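Asker: Dropping the structure in here first, questions after.
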Amino acid sequence: MALPKTLLFPLLLLVAAGARGQEAGVPGCYLHPINVTVRSDRQGPCRGSHVAQACVGYCESSAFPSRHSVLAASGFQHNITSVSQCCTISRLQKVKVELQCPGSRREQLEIFTARACQCDMCRLSRY
C-alpha cells in the first residue's frame, strides 16, 4: 500500500525529530557530551575548548507514609518518608585541554570530565 505524498513528508519529519531527541527520552542516568570553553584565569588571555562529559537523566524516587516508629521518634511531625536518588558522577577522568594564547603561545590545563554515571544518594553539596 502506497502512502500519499502529503502524509509521507510529515511522517518522515516525525521520525527524524524522534531520532534526534531519542537520548533525552531514555530513562535513567547517562553520560552526555557538552562543549566547555576554558580560560587560563578570570581575565583569560589564553583560551581553549573541549567536549567534556556530564551526567544527566533521572533516577527513581518515592514517598510514602511514615511508620509509627518514625512518627513517634519525630514527635508526630515526620508523617511522610521519602527515598530519592540523583544522577551523579561515579568515575572522573582528567583530560588535558590545549589553550591558545596571544603570540602563538600555547598552554595546557587539566580539567575533570565524567567517565561514568550512576544513580546514588542525593547530596546537597554536589548541587
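Asker: Relative contact order (percent) for segment 87-127, with alpha-carbon contacts under 8 angstrom and 6 or more residues of separation?
Answerer: Working: 58 pairs, mean separation 19.6, N = 41.
Averaging sequence separation for qualifying contacts and normalising by length gives 48 percent for segment 87-127.
Asker: Shifting gears a bit: Report the trypsin sites (Lys or Arg not before Pro) located in segment 89-119 that are in a DSSP loop and have at most 14 other Cβ atoms inside 10 Å of their Cβ, or state none.
Answerer: The qualifying sites are Arg105.
Asker: Between Arg115 and Ala63, what is the label-to-label distance in nm when each label sits 7 Å out along the Cα-to-Cβ direction?
Answerer: The answer from the label model is 3.8 nm.
Asker: Further question on the same structure: Within segment 22-127, which GluC sites (Glu not before Pro) sit in a loop by DSSP and count at most 12 neighbouring Cβ atoms inside 10 Å?
Answerer: On the way: sites: Glu23, Glu60, Glu98, Glu107, Glu110; in loops: Glu60.
Passing sites in segment 22-127 are Glu60.
Asker: Going by amide H atoms built from the backbone, whose H comes under 5 Å of the H on Ser66, apart from near neighbours?
Answerer: Ile80, Thr81
Asker: Okay, next question. Accessible area, 1.4 Å probe, largest first: how do Ile111, Ile34 sort?
Answerer: Sorted descending by solvent-accessible area, the residues read Ile34, Ile111.
Asker: Moving on to the next point. Counting only other residues whose beta carbon sits under 14 Å from that of Val95, what net charge do I get with K and R as +1, D and E as -1? Provide the component values of the computation, followed by the final result.
Answerer: Numbers: positive: Arg91, Lys94, Lys96, Arg115; negative: Glu98, Glu110.
Here the count lands on +2.
The values are calculated or read from the model by the stated rules, or taken from the named source; none is laboratory data. A quick note: this is a predicted structure, and the numbers were derived from the prediction, not measured. Glycine gets a Cβ as well: all are built from the backbone with ideal geometry, and neighbour counts include every protein chain shown. Surface areas here come from the heavy atoms of the whole protein model, side chains and all, with no ligands, DNA or RNA. Shrake-Rupley method; radii C 1.70, N 1.55, O 1.52, S 1.80 Å.
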